[in-house]
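Structure first, commentary second.
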Amino acid sequence: MSLSPNVRWKSVLASADAFSQALRERDKRVNSFLEIDAALRSAGGTSDSGPLAGLPIAVKDNIAVRGFQLTCGSKILSSHVSPYDATVVARLAAAGAVPVGKTNLDEFGMGSSTDNSAGGSTNNPWDLDRVAGGSSGGSAAAVAAGLVPLALGTDTGGSVRQPAAFCGVYGLKPTYGSLSRYGLVAYASSLEVAGLLSYDIDLIRAAYRIAAGEDVMDQTSVGVPQGELLPPAAVRRVAFLGGELGLDASTAAAYRAMRELVESQGVTVDEVELETADYVVPAYYTIATAEASANLARFNGIRYGERPVFAENPEELVRSARGAGFGSEVKLRILLGTYVLRSGFQEQYYQRAQRIRTAIRHELGKLYETFDLIMLPTFPTVAFHHGERELDAFQQKVADRFTTMANLAALPALSIPAGIYDGLPVGIQAMGPAFSEERLLSFAELLAKDLPPARPPAYGTPLCDELADASGGRS
Amino acid sequence: MDRSELDITAELALMDLTDDERGQLETAVAQLLEYFSVMDGIDVSGLAPTTRALQEGNRLRSDVLRTDGEAAQALADDILEQAPDLEDRFIAIPNVL
């Protein structure tokens with residue numbers, strides 16, 4: 001593990017005021033943070049000698065960090081402050097990482113743009129007129145703008161990988177359960193997992209190893225089999241998803257180039273098509289919205305959330321709190337989820353989607369008998385403009401066709417920066433069998449030798465280097 | 001989905017909708033439900049539903065008092081500090097009767 005980023009960042013963190021001021025200044029046009037801890041009060045209590053000592057991290061605002069707000073990008077939680085740390089945050093902090101702020105997201109993680117946030121839109125550091133992707137758009141933009149070396153996100157249907165692709169950074173969605181969900185505000189419990197975003201594969205590897213493993217506070221958490229952490233066998237056979245993929249020109253070119261790059265490494269490449277391909281997204285949205293309608297029942301102005309000043313009775317209070325507190329995308333998904341779970345419709349939608357989920361798992365499982373990895377685009381397009389100019393809300397959902405299968409099948413997937421086309425980054429995913437994180441990261445490292453990630457021109461120098469240079473100049 | 005189905009669903013979800021929202025959501029929900037009907041195109045007979053991806057069955061733990069007494073107390077204090085109104089260590093809520 002390379003410790004050099006820690007050393008550089010640590011010296012910067014030592015002067016809290018200068019760091020938070022510079023962070024705020026640099027974030028003005030990107031708007032990736034919803035809250036920045038000016039005093040870096042969390043820096044005090046953390047380990048001084050851990051493997052992540054002094055490393056600032058950004059945390060998506062649907063993950064609990066004690067003393068920080070936890071708004072989930074929603075009006076209904078606008079004044080909520082977390083009294084405890086999520087397990088992933090606690091484990092990274094125990095290793096020395098310092099949470100410096102909370103990042104913007106689509107409300108409750110529902111969206112692909114970070115435009116659906118009560119905290120305003122986040123802008124893509126490569127082109128401020130474009131979205132950063134979503135729902136972990138703030139975390140991806142914060143890393144791409146060089147504000148922090150590592151950020152935490154959550155991935156329910158692509159919410160770490162798609163913004164990572166849009167912003168040109170690595171985004172790891174680990175095996176379901178390998179990172180505890182304790183302290184993640186639940187949207188679709190059977191699909192989601194915390195994820196990591198960075199330019200630095202070593203940092204993702206280190207943070208994953210520190211944060212992964214069983215947690216008594218999350219009964220769906222699982223221990224990573226020890227053998228999986230050993231140096232992996234070389235990747236020999238890779239499947240590239242073929243067929244009519246509906247990619248834009250940049251993504252299609254990057255995907256072709258990636259295939260050539262993989263072939264040039266002496267890896268056997270085959271093209272595969274999935275029989276379940278057309279059913280992935282509808283099954284995903286059926287399950288995700290059904291689970292959301294149950295999980296978001298707790299935001300009712302009584303158990304959690306802002307409540308109206310006056311109501312005639314408890315039921316009116318709940319209706320009014322939810323009516324006023326949720327944004328339109330959240331309302332849409334709650335309504336859909338409630339509908340597909342209504343008696344009489346369950347077999348047609350929810351049960352059927354869960355059986356399709358089984359079919360997808362079987363089909364992918366079969367492919368992994370032959371192939372070490374499956375590679376596929378992260379998203380069909382590069383980052384789109386704000387305001388649904390290229391893709392409307394419905395088309396954005398259909399475009400989740402490459403990311404949602406990893407969630408349905410609980411598999412790890414890594415979005416890899418695959419070059420810059422017309423000034424915008426493209427991400428290509430590698431998806432592996434359960435617990436193959438190390439294989440994914442090592443393979444990405446191999447590819448990075450020929451195709452290293454790039455930083456956006458306007459944010460070419462990480463903040464730590466800029467500050468270190470400035471202080472060096474003064475002394 | 002027609003307007004009355006939408007209203008019944010909103011009723012079940014305990015969520016007030018404005019007239020504007022009802023119009024927009026009616027269209028959006030109908031569009032997605034139609035999209036969901038794509039799922040009719042695959043034969044899923046004989047496939048068991050997946051409710052959890054990797055884990056088999058429930059995992060239980062003993063119902064015992066947390067041993068980190070001080071941390072638990074600090075957590076309780078932090079939560080109480082956020083309550084809009086307190087009476088001693090009780091959260092005071094608006095009268096609902």
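Taking the criterion of being under 19 Å from the mean Cα position of the chain (by Cα) and at positive phi, the residues of the range A:398-452 that qualify are A:ALA410, A:PHE435. In the range B:7-16, the qualifying residues are those that are at the interface with chain A (Cβ under 7 Å from one of its Cβ atoms) and of a type in the set (A, V, I, L, M, F, W, C), and the one that is surrounded by the fewest Cβ atoms within 10 Å (Cβ to Cβ) is B:LEU12.
Among the residues of the range A:415-444, the ones that are under 15 Å from A:TYR199 (Cβ atoms) and touching a Lys or Arg at 6+ places or on another chain (Cβ under 9 Å) come to 3 in all. Among the residues of the range A:69-83, just one is at pLDDT 95 or above, assigned to a loop (DSSP other than H, G, I, E, B) and within 12 Å of chain B (Cβ to nearest Cβ), namely A:LEU70.
Taken across the range A:243-259, residues that are touching an Asp or Glu at 6+ places or on another chain (Cβ under 8 Å), in a helix (DSSP H, G or I), buried (at least 17 other Cβ atoms within 10 Å of the Cβ) and more than 14 Å from chain B (Cβ to nearest Cβ) do occur, with at least one present. Of all residues in the range B:65-82, exactly one satisfies the criterion of being part of a loop (DSSP other than H, G, I, E, B) and within 11 Å of chain A (Cβ to nearest Cβ), namely B:ARG66.
Answer yes or no: is there a residue in the range A:392-410 that is surrounded by fewer than 22 Cβ atoms within 10 Å (Cβ to Cβ), without any contact (Cβ under 8 Å) to a residue 12 or more places away in the chain and not in a helix (DSSP H, G or I). For the range A:392-410, residues surrounded by fewer than 22 Cβ atoms within 10 Å (Cβ to Cβ), without any contact (Cβ under 8 Å) to a residue 12 or more places away in the chain and not in a helix (DSSP H, G or I): present.
The one condition from (1) within 16 Å of A:THR286 (Cβ to Cβ); (2) surrounded by fewer than 17 Cβ atoms within 10 Å (Cβ to Cβ); (3) at the interface with another protein chain (Cβ under 9 Å from one of its Cβ atoms); (4) of a type outside the set (Lys, Arg) that A:HIS362 does not meet is (1).
Contact map, the range B:60-78: residues that are more than 21 Å from A:PHE68 (Cβ to Cβ) paired with residues that are surrounded by 10 or more Cβ atoms within 10 Å (Cβ to Cβ) and at pLDDT below 85, Cβ distance under 8 Å, separation 6+ or inter-chain. Pairs shown: B:ARG66/B:ALA72. Inspect the range B:17-36 for any residue being assigned to a loop (DSSP other than H, G, I, E, B), at pLDDT below 95, surrounded by 13 or more Cβ atoms within 10 Å (Cβ to Cβ) and facing chain A (nearest Cβ under 8 Å) and give the result as yes or no. No, the range B:17-36 contains no residue that is assigned to a loop (DSSP other than H, G, I, E, B), at pLDDT below 95, surrounded by 13 or more Cβ atoms within 10 Å (Cβ to Cβ) and facing chain A (nearest Cβ under 8 Å).
Each residue in the range B:37-56 was checked for being more than 7 Å from chain A (Cβ to nearest Cβ) and under 23 Å from the mean Cα position of the chain (by Cα), and 0 of them qualify.
Within the range A:207-218, is there a residue that is part of a loop (DSSP other than H, G, I, E, B), hydrophobic (A, V, I, L, M, F, W, C), surrounded by 19 or more Cβ atoms within 10 Å (Cβ to Cβ) and within 16 Å of the chain's Cα centre (by Cα)? No, that holds for no residue.
The values are calculated or read from the model by the stated rules, or taken from the named source; none is laboratory data. Please read all numbers here as calculations on a predicted model, not as lab measurements. When we count neighbours, we look across all protein chains shown, and the Cβ atoms used for this are built from the backbone with ideal geometry, even at glycine.
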